[in-house]
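Data block below; observations after.
The values are calculated or read from the model by the stated rules, or taken from the named source; none is laboratory data. Just so we're clear, the structure is a prediction, and the values are computed from it rather than from any experiment. Virtual Cβ from ideal backbone geometry, glycine too; neighbours counted across all protein chains shown. For accessibility, only protein heavy atoms count, side chains too; no ligands or nucleic acids. Shrake-Rupley method; radii C 1.70, N 1.55, O 1.52, S 1.80 Å.
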Amino acid sequence: MKYNSRLSLSQPQFTLQSKVEYAKTRDGYGRGLVEAGVANKNVIVLCADLSESTRSEWFAKEFPDRFVQMGVAEQNMATVAAGIAATGKIVFISSYAAFSPGRNNEQIRTTISYNSWGADEDKKITVIIAGAHAGISVGPDGATHQALEDVALMRVQPGMVVVVPTDLHEAQKATVALAQRKGPAYIRFGRAEYPIITTEKTPFEIGKAFVYTEGKDATIVANGPLVHKALCAASALAEQGVVCEVINCPTVKPLDGETIERSVRKTNALVSAEEHQITGGLGSVLAEYLSTHYPVPQEFIGVKDRFGESGTPDELFQRFEMDVVHIQEAVQRVIQRKS
């Protein structure tokens, strides 16, 4: 199943299609790097010996004088990036999310976030941390390479923007958008091919969430590959008379609380869905916001306080209870709770 986003700019709507198209979100990152590099000669890209896997090699081929291969040295890469950004450059650092921000979290905190926090807009340093191969859909690489806590690590750093694009097109738009703003940011993408649910014309803006289907019985807020699964779950539930509002929330920080709150005030029930630990991820962000604005029953789809394991992406989504069926069950539970 696939949702096709032939939509108006004001209100995305999706029609279920029979043909599924898949692509890697990291390809969107690679395209976005080149697009950003063409638009601004101050864009610099560093990589920790993973230029092919992260697609930063596409930028290297176009702009070899603005690309630096740092080797297997993620901590050094973060610190060097901070120094380059202090001269006014826009720096992307690319690696697996398990290593960046996993291995170099302290350097990101001290040399990037701390040196930018509280500064005037024109004094902020712009380093975008690109974490590839994140989530359980890394598959056979197993637990050591399945970054499941990277969003939590990054969102607690003051001033850090956190973006989790859902597909190829959104990853490209997010990459370009992050290059056009000041300050540090984290963008996350996986290894596997994900369903394409947006188009080049689909609206995207840092700090915004987007209503993809309107509903009255429950709100499902998702990002990454879980957006497509949420849409499929909503389609199946609609056949049972349960109408869900599905929201794509690619920006975890800053959260578009206004859009989320507007939705849950209609539905009075929330399901969060993410390819990340429940603790500290999108579900936690939503719970924190709504607890002080409009508390509602919430069910969480995500990794439940455990490490990953080897397997195919589909096997792991099912084993970790993050597939379409489990999203449907979560919606049914949360509706019972609000009753």
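How big is the antiparallel share of DSSP beta bridges in the chain, given as a percent to the nearest 5? Taking every DSSP beta bridge within the chain, about 25 percent pair in antiparallel fashion.
Charges were assigned to the Cβ only: +1 to each Lys and Arg, -1 to each Asp and Glu. The resulting dipole of the chain about its Cα centre is roughly 600 debye. Computed as a quarter of the hull surface, the mean projected area of the alpha carbon convex hull for region 23-195 stands at 8.5 nm². Here the label points at Glu315 and Lys216, each 7 Å from Cα along the C-beta direction, are separated by 4.4 nm in the simple model.
Grab the beta carbon distance between Glu52 and Ala73, set R0 = 25 Å, and tell me the FRET efficiency rounded to 0.05. Intermediate values should be presented prior to the final figure.
Values: r = 18 Å, r/R0 = 0.70.
E between Glu52 and Ala73, to the nearest 0.05, is 0.90.
Taking 7 Å steps out from each Cα toward its Cβ at Glu200 and Glu21 produces label points 1.1 nm apart.
Helix 226-238 and the long axis of the chain differ in direction by around 10°, with both axes built from C-alpha atoms. Packing-based ranking of 220-231, 55-66, 92-103 yields 220-231, 92-103, 55-66, ordered from highest to lowest mean Cβ neighbour count within 10 Å.
Report the normalised scattering of the chain as log10 I(q)/I(0) at q = 0.14 Å⁻¹, calculated by the Debye formula with identical scatterers on the alpha carbons. Evaluating at q = 0.14 Å⁻¹ gives log10 I(q)/I(0) of -1.06. Reported to the nearest whole Å, the Cα centre-to-centre distance from region 259-315 to region 57-102 is 31.
For region 149-255, run through the GluC sites (Glu not before Pro) and keep only the ones in DSSP coil with at most 15 other Cβ atoms within 10 Å of their Cβ. Let's see the in-between values first.
Details: sites: Glu149, Glu170, Glu193, Glu200, Glu205, Glu214, Glu239, Glu245; in loops: Glu149, Glu200, Glu205, Glu214, Glu239.
Passing sites in region 149-255 are Glu200, Glu205, Glu214, Glu239.
The residues of region 213-339 expose, per residue, 39 Å² of accessible area to a 1.4 Å probe. For the pair Val243 and Glu288, the difference between a 0.36 nm per residue extended length and the Cα-Cα distance amounts to 13.7 nm. By its C-alpha gyration tensor, with a ≥ b ≥ c as the square roots of the eigenvalues, how is region 155-301 shaped: rounded for a/c under 1.5, else prolate for a/b larger than b/c, else oblate? The shape class here is oblate.
Ignoring ligands, DNA and RNA, please state the percent of accessible area on the chain from carbon and sulfur, probe 1.4 Å.
On the way: 6670 of 13510 Å².
The computed percentage sits at 49.
Note on Lys338: lysines with a C-alpha under 25 Å away, same-chain residues under 8 apart excluded, are Lys216, Lys229, Lys266, Lys304. Helical content alone sets the calculated 222 nm signal of the chain at -10000 deg cm²/dmol, taking -39,500 (n - 2.57) per DSSP H segment of four or more residues and averaging over every residue. Against the chain, whose longest principal axis is taken from its Cα atoms, helix 324-338 shows a tilt of about 60°.
Relative to the dominant Cα principal axis of the chain, helix 168-179 is inclined by about 50°.
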